[in-house]
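Read-outs: derived from the displayed coordinates by stated rules, not from any lab. Fair warning: this is a prediction, and the values are worked out from it, not measured in the lab. Neighbour counts run over all protein chains shown; Cβ positions are idealised from the backbone, glycine included.
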Amino acid sequence: MERVVSVDEVRAALARLRRDGRTVGFVPTMGALHDGHLSLVRASRRHADVTVVSIFVNPTQFGPGEDFEAYPRDLDSDTALLADEGVDILLTPTVDAMYPPGADTHVDPGRIGTVLCGAARPGHFTGVATVVTKLFQIVTPDIAFFGEKDYQQLKILEKVARDLDMRVRVAGCPIVREPDGLAMSSRNRYLSPDQRSHATVLYRALATAHDAACAGETDAGVLTRGVRETIDREEGVELEYAVVVDAETLDPVSVVQRPARALVAARVGSARLIDNVAIPLPGTGPSR
Ligand code: AMP
């Protein structure tokens, strides 16, 4: 694996690797890697000839008072994990290189970036869309892999690629969970053992909505209420939102007639956690 820091270096390394029409897969991350990230790397290794991973804690997607400074950083262990996975290039750009003085062009994903997590974190998805667009320009991947764990982010990046006529294919990968159901997240490191066990309520609550939908419930209000009530009963977990939305547009739905998704965000101690599940259509099987 080659670790590169500058845009010129990554372009030169890719020029060497991209010979004979070899395809490039790309996995952008903020590091502090876990099996969720590695599942994206493995998907890229399966679907593309060359795999590029970036680690960049992007300041422009953190709001004032958020955890940019405290965000876990563990470059040595991340580098070893990625080398073991057979990654070809690890890109670790500096903040100054990504945002030189005067770099104030933004990619605004529109309304879908202002709801749900975008309402709680104004400007977050503009920061995400901008940095991912920049990374796409640098790496020029054929296919880029993102986790369904950050479902709104995935839908926004699909839309940005479509709206801006990018030739990259944006691919979504399933959520990787701990054995007790908690979605893997770099922010789980903020949780005390007690908080860690309370946090499992998010998946348990989402599972009730999924199971109710499997049993034929199509009233989104009923599904949402079940999720909300389960989370509200849990000590130490402060619900921010629980919704059932259209799986593509993220618009609220009242009756599940098209593919839908249940999404939650909650605070547990200092961590803001998110999770989601597919809500199956009536008459279709489980899809959790
Ligand atoms: P992050 O480092 O948190 O910015 O995440 C980098 C990528 O990994 C994003 O596409 C995330 O959606 C994805 N990811 C994070 N956690 C998981 C998980 N538990 N399962 C699948 N993908 C994940």
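Report, as a whole number in µm² per second, the diffusion coefficient that Stokes-Einstein gives for the stretch 150-288 at 10 °C and 1.306 mPa s using the Kirkwood radius over alpha carbon pairs. Spell out each step's value before the answer.
Details: Rh = 15.7 Å.
My calculation gives 101 µm²/s for D.
Taking only Cα atoms and a 10 Å spring cutoff, compute GNM fluctuations for the chain and point out the largest among ALA83, ALA97, ALA48.
Top of the fluctuation ranking is ALA97.
Using +1 on the beta carbon of Lys and Arg, -1 on that of Asp and Glu, and nothing else charged, what's the dipole of the chain about the Cα centre, debye to 20?
On the way: 32 positive and 40 negative charges, 126 e Å.
With only Lys, Arg, Asp and Glu charged at Cβ, the dipole is about 600 debye.
Counting every Cα pair in the chain, what percent are over 31 Å apart? Don't skip to the answer; put the middle values down first.
Numbers: 11840 of 41328 pairs.
I get 29 percent for the Cα pairs in the chain exceeding 31 Å.
Using Cα springs under 10 Å in a Gaussian network model of the chain, which residue among ALA70, ALA278, ALA161 shows the largest mean-square fluctuation?
Maximum fluctuation in the GNM of the chain, among the listed residues, is at ALA70.
Grab the beta carbon distance between ALA12 and ARG111, set R0 = 30 Å, and tell me the FRET efficiency rounded to 0.05.
Once rounded, the FRET efficiency stands at 0.15.
Using a Gaussian network model of the chain whose springs link C-alpha atoms within less than 10 Å, name the residue from ASP142, ASP96, ASP108 with the highest mean-square fluctuation.
Evaluated over the chain, the most mobile residue of the options is ASP96.
Just report the Cα centroid separation between the stretch 97-142 and the stretch 51-72, whole Å.
Here the answer is 12 Å between Cα centres.
Using DSSP to call loops (not H, G, I, E or B), can you name the trypsin sites (Lys or Arg not before Pro) in the stretch 83-170 whose Cβ has at most 15 other Cβ atoms within 10 angstrom? Kindly include the intermediate steps, with their values, before the conclusion.
Numbers: sites: ARG111, LYS134, LYS149, LYS155, LYS159, ARG162, ARG167, ARG169; in loops: ARG167.
Here the trypsin sites (Lys or Arg not before Pro) that fit, given the DSSP loop and packing criteria, are ARG167.
For ASP211, ASP20, what's the fewest-to-most ordering of other Cβ within 10 Å of each Cβ?
Numbers: ASP211 15, ASP20 5.
Fewest-to-most ranking of ASP211, ASP20: ASP20, ASP211.
For ARG3, enumerate residues with amide H under 5 Å from its amide H, sequence gap 5+ or separate chain, H modeled in the peptide plane.
HN-HN under 5 Å from ARG3: LEU90.
Let me check against my output: what whole-number percent is the relative contact order of the chain, with C-alpha pairs under 8 Å and at least 6 apart?
Details: 529 pairs, mean separation 47.1, N = 288.
The normalised contact order for the chain reaches 16 percent.
Given the -39500 (n - 2.57) contribution per DSSP H run of 4+ residues, what per-residue ellipticity at 222 nm results for the chain, rounded to the nearest 500 deg cm²/dmol?
Taken over the chain, the calculation gives -10500 deg cm²/dmol.
Report relative contact order for the stretch 2-173 in percent, whole number only (criteria: Cα-Cα under 8 Å, sequence separation at least 6).
Averaging sequence separation for qualifying contacts and normalising by length gives 29 percent for the stretch 2-173.
In sequence order, what are the phi-derived ³J(HN,Hα) couplings for the stretch 256-269 according to the Karplus relation 6.51 cos²θ - 1.76 cosθ + 1.60 with θ = phi - 60°, rounded to whole Hz, with x for glycine and proline?
My calculation for the stretch 256-269 gives 7, 10, 10, x, 10, 9, 9, 10, 9, 9, 8, 9, 10, x Hz in order.
Report the one residue of ALA70, VAL53, TYR99 whose Cα lies farthest in the direction of the positive end of the charge dipole of the stretch 49-109 (charges on C-beta: Lys and Arg +1, Asp and Glu -1; origin at the Cα centre).
Among ALA70, VAL53, TYR99, the one farthest towards the positive end of the dipole of the stretch 49-109 is TYR99.
If each residue of separation counts as 0.36 nm, what is the full-extension length gain between GLU2 and ASP20 once their alpha-carbon separation is subtracted?
Extra length from GLU2 to ASP20 when fully extended: 4.5 nm.
Within 10 Å, count the other beta carbons around each residue, average over each peptide in 224-237, 258-271, and list them highest first.
With the highest mean Cβ count within 10 Å placed first, the list reads 258-271, 224-237.
I'd like the FRET efficiency for ALA119 and GLU66, computed as 1/(1 + (r/R0)^6) with the beta carbon distance as r and R0 of 25 Å, rounded to 0.05.
FRET efficiency, ALA119 to GLU66: 0.95.
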